[in-house]
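Engineer: This is the structure I want to talk about, given as structure tokens.
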Amino acid sequence: MTPDETIAVFKTVSGEVQKHFGGLTVAQLNWKPTPEKWSIAQCLHHLIVSNSTYYPQLQRVIEGKHKNSFYQNIRFVSKFFGNYLIKETGPVVNKPMQNPSAFAPSQSNLPDSIVTDFIKHQQEFSLFIRQLEKADLENTVISSPALSIITYSLTDLLTILAGHEQRHLQQAVRVRNSIP
């Protein structure tokens, strides 16, 4: 996926978030179908948290300071992990996936500003993504912020990010549709 395609998905997701959740009360945003399921607010907070963990690595790429490590240059490993994460974290949910603790949303009630905070985050993150246009997306490999032995190309990262956003938007809409 290209930076422009990823940013287009971010814009679409932001619009859907505003449309579906912009008028909800703080109680509705934090309502959970069951204690172990996430609320709408937690879905949005999770995306802010997980996306933000990429900032340091992306900043190094943008500044031209990133160099692939020996391990990151083992192409078949990065391709394997990239393909796996594209499939498992994308918009089509084959089975629920355990969330890495590094990406966990807040367990407490979140403020009603979460929708505005999410949209602001999307705009800021899009600026980071836009600056990747000059990077070698296919040959620049980064490590997962959750587990450094998991590596993937920037192209795969952009696809992972877009699919992940769509996945949690769908999850939040399902929660919205089940609010009593």
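Each value in this text was obtained by applying a stated rule to the coordinates, not by laboratory testing. What you are looking at is a predicted structure, and each value in this text was computed from that prediction instead of being measured. Quick reminder, even Gly has a Cβ in these numbers, built from the backbone with ideal geometry, and neighbours come from all protein chains shown.
Engineer: Under 10 Å, Cα contacts only: if you run a Gaussian network model on the chain, which one of ASN51, ASN68, ASN30 comes out with the highest mean-square fluctuation?
Structural biologist: Taking springs between Cα atoms under 10 Å, the residue moving most is ASN68.
Engineer: Can you give the translational diffusion coefficient of the range 126-170 in µm²/s, computed by Stokes-Einstein from the Kirkwood radius over Cα pairs at 37 °C and 0.692 mPa s?
Structural biologist: Once the numbers are plugged in, D ends up at 288 µm²/s.
Engineer: Per residue of the range 39-46, what does 6.51 cos²θ - 1.76 cosθ + 1.60 with θ = phi - 60° give for ³J(HN,Hα)? Whole Hz please, x for Gly and Pro, Karplus curve as stated.
Structural biologist: Couplings: 7, 4, 4, 5, 4, 5, 5, 4 Hz.
Engineer: Counting only GluC sites (Glu not before Pro) that are in a DSSP loop and have at most 13 other C-beta atoms within 10 Å, tell me the longest site-free stretch of the chain.
Structural biologist: 64-137
Engineer: Among SER153, SER108, SER143, which one moves the most in a GNM of the chain with springs linking Cα atoms closer than 10 Å?
Structural biologist: SER108
Engineer: Can you list the lysines whose alpha carbon sits under 30 Å from that of LYS79, skipping same-chain ones fewer than 8 residues off?
Structural biologist: Once the sequence-local lysines are set aside, what remains near LYS79 is LYS11, LYS65, LYS67, LYS87, LYS95, LYS134.
Engineer: Same structure again: Quote the FRET efficiency, to the nearest 0.05, computed for VAL26 versus LYS67 with a Förster distance R0 of 45 Å and r equal to the Cβ-Cβ distance.
Structural biologist: Taking R0 as 45 Å, the efficiency between VAL26 and LYS67 is 0.50.
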